[in-house]
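**Q** So that we are looking at the same thing, I have put the structure below in structure tokens.
The values are calculated or read from the model by the stated rules, or taken from the named source; none is laboratory data. For clarity, every value in this text was computed on a predicted model and none was experimentally measured. Cβ: placed from backbone, ideal geometry, glycine included. Neighbour counts: every protein chain shown. Just the protein is used for accessible areas: all its heavy atoms, side chains included, with ligands, DNA and RNA removed. Shrake-Rupley method; radii C 1.70, N 1.55, O 1.52, S 1.80 Å.
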Amino acid sequence: MNLILLFCEDFITPFDSTSDTTGQVRLSDRRLHHIQRVHKAKIGDTLSVGLLNGNIGEGLLLSLEDDHCVLDITLQLSPPPPLPLTLILALPRPKMLKRTLQTCATMGVKTIILVNSYRVEKSFWQSPLLDQNAIKEQLLLGLEQAKDTVLPEVFLEKRFKPFVEDTLPALSETATKLVAHPNKQFQAPIKANIHQQTFLAVGPEGGFIQYEVDKLLEIGFSGISLGPRILRVETAIPVLLAHLF
């Protein structure tokens, strides 16, 4: 936990989102345990804190008890800039989904669309990890790692064809559109340092089936490839983002 994320309900003094000095917070959950056991903080220490969807700053530890602590909060810095990216991701296996969501949040992806694909098992859509609270938990872990505060948005699209034909064209109309797929005809992405809004589609392990790739190409997506090796989704995404941004 490189950043202690705060929520409006943590504040025990009047909260002013327009002020650099925002008041005091009381923590009594896993953040307290982290302060006690990992930071091993003492009264008078300062810790990195950030308000969810707000600024980043410092928390001065005023008191530390077994069941709670109180920090005086000053928030004066903006969070790191997001990537100009919407990630369209074929729903991974549940265990991989947790790690992938954390990775996306850590790397600055702010819009994630989880889609169905022929190679996505139907049972994946029944996973309790798709509950909004479960998704949020993984995203918060990623934000804490990266010292970011802006919570990504995650959308679920259970029908590939209607999404690609009816919704995606309007969403991506003015954006750069890329589909990552292990195809010999697709070139490796060049280190591009892309600044414009980009839609990146990533399939399941082994890639989208050809029908799905063709559907994306029909609406203006361009194919890119990381080569013949089949990578885990949690590996492919950071490699792709490092190449593109």
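**Q** Which ³J(HN,Hα) values, rounded to whole Hz and listed in residue order, are derived for region 104-117 from phi using the Karplus coefficients 6.51, -1.76 and 1.60 in 6.51 cos²θ - 1.76 cosθ + 1.60 with θ = phi - 60°, glycine and proline given as x?
**A** Result, ordered by residue: 4, 5, 5, 8, x, 6, 10, 9, 10, 10, 8, 10, 7, 7 Hz.
**Q** Calculate the FRET efficiency for residue 136 and residue 185 from the Cβ-Cβ distance with a Förster distance of 35 Å, rounded to the nearest 0.05.
**A** My answer for the efficiency is 0.35.
**Q** Using 19 Å as the Cα-Cα cut-off, could you pick out the over-long pairs in 177/215; 95/177; 95/122? Spell out each step's value before the answer.
**A** Details: 177/215 13 Å; 95/177 28 Å; 95/122 15 Å.
Over 19 Å Cα-Cα: 95/177.
**Q** Kindly provide the helix-only [θ] at 222 nm of the chain, computed as the sum of -39,500 (n - 2.57) over DSSP H runs of four or more divided by all residues, to the nearest 500 deg cm²/dmol?
**A** -7000 deg cm²/dmol
**Q** Just to be sure I understand: of the beta bridges DSSP finds with both ends in the chain, what percent are antiparallel, rounded to 5?
**A** 45
**Q** Between residue 210 and residue 38, what is the label-to-label distance in nm when each label sits 7 Å out along the Cα-to-Cβ direction?
**A** Those two pseudo-labels are separated by 4.8 nm.
**Q** Another one. Quick one: pull the percent of accessible area on the chain belonging to carbon and sulfur, 1.4 Å probe, ligands and nucleic acids left out. Provide the component values of the computation, followed by the final result.
**A** Values: 6260 of 12510 Å².
Carbon and sulfur atoms account for 50 percent of the accessible area of the chain.
**Q** Could you do me a favour and compute the accessible area per residue for the chain, 1.4 Å probe, result in Å²? Walk me through the numbers on the way to the answer.
**A** On the way: 12510 Å² over 245 residues.
Using a 1.4 Å probe on heavy atoms only, each residue of the chain averages 51 Å².
**Q** Here is a follow-up. Give, as a single signed number, the net charge of other residues whose beta carbon lies under 9 Å from the beta carbon of residue 1, with Lys and Arg counted +1 and Asp and Glu -1.
**A** Counting the neighbours of residue 1, the net charge comes to +1.
**Q** Okay, next question. What's the FRET efficiency of residue 127 with residue 217 using the Cβ-Cβ distance as r and R₀ = 41 Å, to the nearest 0.05?
**A** 0.85
**Q** Now, a different point. Listed highest first by mean packing, meaning other Cβ atoms within 10 Å per residue, what order do 31-41, 80-90, 125-135 come in?
**A** In decreasing order of mean packing, 31-41, 80-90, 125-135 become 80-90, 31-41, 125-135.
**Q** Using the Karplus curve 6.51 cos²θ - 1.76 cosθ + 1.60 with θ = phi - 60°, what ³J(HN,Hα) values do you get for each residue of region 203-214, in whole Hz, with x for Gly and Pro?
**A** So the Karplus estimates, Gly and Pro as x, are x, x, 4, x, x, 5, 6, 4, 4, 5, 4, 4 Hz.
**Q** Oh, and also: What nm distance separates the two modelled labels at residue 161 and residue 45, each placed 7 Å from Cα along Cα→Cβ?
**A** My value for the distance between the label points is 5.8 nm.
**Q** Please give the contour-minus-distance gain from residue 77 to residue 2: 0.36 nm per residue of separation, less the Cα-Cα distance, rounded to one decimal in nm.
**A** Working: separation 75, 0.36 × 75 = 27.00 nm, distance 1.54 nm.
Full extension from residue 77 to residue 2 adds 25.5 nm.
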